[in-house]
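The values are calculated or read from the model by the stated rules, or taken from the named source; none is laboratory data. Quick caveat, the model's predicted, so the values are computed rather than measured. Glycine also receives a Cβ, built like all others from the backbone with ideal geometry; neighbour counts cover every protein chain displayed.
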Amino acid sequence: MAELISRKEKAVGWVIFSNPAKFNAVSHDMWMALPQAIAAFDADPEVRMIVITGDGDKAFISGADISQFEKSRGSAEAQAIYNRAVVEAYEAPVRCSKPVVAKIRGICMGGGLGLAAACDVRIAAEDAVFRMPAARLGLGYNFTGISRFVQLLGAANTSDIFFSARKFGAAEAFSMGFVNRVVPVTDLDREVAAYCELLSENAPLTMAAAKFAIRQSGLDPDARDLDQIARMIEACFNSEDYREGRKAFMEKRKPNFTGK
């Protein structure tokens, strides 16, 4: 059964793409469910970060479920509805105020590659395999998605992976700048858990302000909301967390941030 699973573990909101029989290929319903799952975690004050991953040890996400294409993308109207669901799913990690981490093992292709690109941080196991097969399917990739890859990889690497539709491994994904870290398969769970614990100890308002500014930096200068960035920075300096951070530093202890 293809489904999107969400669960909360302490400060971490987990979003799991589950369709193991098809290497976690994404159905239309799963695309539709993703923005709701992320929005729910974004609104939960107990959640400090979100991890997106795939079910099992074979795949992160192998792409969209091609078996649905004839029905879901067989006409211009159906194509528009499907594309809107995918775009909104890709935008969900971007719009989320909290850090979103992609935990990648095995196959990460097509829609999975696009979704991973929309996350803030990508941690991959050594067995991860990446591919953008759009040119083998004859489909067009929207400008926002292409721009996201260019920001991460540069124009030359983006051209290569889109033109060739070739597979590439975790080491090359790291050298391109697509993934932040590559770890042995046996260490993936531990490394992601440690990273989540690290983030959970940090000031939520500071991370939110940094994420907003980072995302704004990818926009045209005229489109950037510098006033909002200034307001978020001011909120950090006026927060109880800033006072707690200063006090903890002086007392040589870990701060206890509340996001207020």
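Assorted remarks:
- Only listed residue being outside any helix (DSSP H, G or I), of a type in the set (V, I, T) and surrounded by 13 or more Cβ atoms within 10 Å (Cβ to Cβ), chosen from V182, V192: V182
- Evaluation of S97 against the conditions (1) modelled with pLDDT of 95 or more; (2) within 13 Å of V26 (Cβ to Cβ); (3) in contact with a helix residue (DSSP H, G or I) (Cβ under 7 Å, 6 or more places away or on another chain) shows that the sole unmet condition is (2).
- I61 under 15 Å from the mean Cα position of the chain (by Cα) and more than 30 Å from T206 (Cβ to Cβ): yes
- Test: S217 is within 18 Å of R95 (Cα to Cα), of a type in the set (S, T, N, Q) and surrounded by 11 or more Cβ atoms within 10 Å (Cβ to Cβ): yes
- Number of the exception - M32 against (1) touching a residue at least 24 places away in the same chain (Cβ under 8 Å); (2) closer than 29 Å to N256 by Cβ; (3) of a type outside the set (K, R): (2)
- Criterion: part of a helix (DSSP H, G or I), free of Cβ contacts under 8 Å to residues at least 24 places away in the same chain and either of a type outside the set (D, E) or buried (at least 22 other Cβ atoms within 10 Å of the Cβ) (or both) - qualifying residue of A80, A135, A85, A116: A80
- Among residues of the range 20-46, those that are in a loop (DSSP other than H, G, I, E, B) and acidic (D, E), counted: 2
- When K254 is tested against (1) touching a residue at least 24 places away in the same chain (Cβ under 8 Å); (2) exposed (fewer than 13 other Cβ atoms within 10 Å of the Cβ); (3) over 27 Å from V12 (Cβ atoms), only condition (3) is not met.
- Members of the range 212-246 found to be part of a helix (DSSP H, G or I), touching a residue at least 24 places away in the same chain (Cβ under 8 Å) and over 22 Å from C119 (Cβ atoms), listed by number: I233, A235, C236, D241, Y242, G245
- Every listed requirement among (1) over 23 Å from A209 (Cα atoms); (2) within 18 Å of the chain's Cα centre (by Cα); (3) not in a helix (DSSP H, G or I) is met by I50 save one, (1).
- F17 touching a strand residue (DSSP E or B) at 6+ places or on another chain (Cβ under 7 Å), at pLDDT 95 or above and part of a helix (DSSP H, G or I): no
- Failed item, numbered, when I233 is tested on (1) in the same structural domain as A59 (by TED's automatic domain parsing); (2) in contact with a helix residue (DSSP H, G or I) (Cβ under 8 Å, 6 or more places away or on another chain): (1)
- F249 meets all of the listed conditions (1) surrounded by 11 or more Cβ atoms within 10 Å (Cβ to Cβ); (2) part of a helix (DSSP H, G or I); (3) aromatic (F, W, Y) but one, namely (1).
- Of the numbered criteria (1) assigned to a helix (DSSP H, G or I); (2) in the same structural domain as S97 (by TED's automatic domain parsing), the one F168 fails is (1).
- Scanning the range 35-86 for residues that are within 26 Å of V129 (Cβ to Cβ), modelled with pLDDT of 95 or more and hydrophobic (A, V, I, L, M, F, W, C) yields A37, I38, M49, I50, V51, I52, A59, F60, I61.
- Residues within the range 119-132 that are of a type in the set (D, E, K, R) and either without any contact (Cβ under 8 Å) to a residue 24 or more places away in the chain or not in a strand (DSSP E or B) (or both), tallied: 3
- Residue match in the range 91-103 (condition: in contact with a Ser or Thr (Cβ under 6 Å, 6 or more places away or on another chain) and either of a type in the set (S, T, Y) or outside the structural domain of M30 (by TED's automatic domain parsing) (or both)): no
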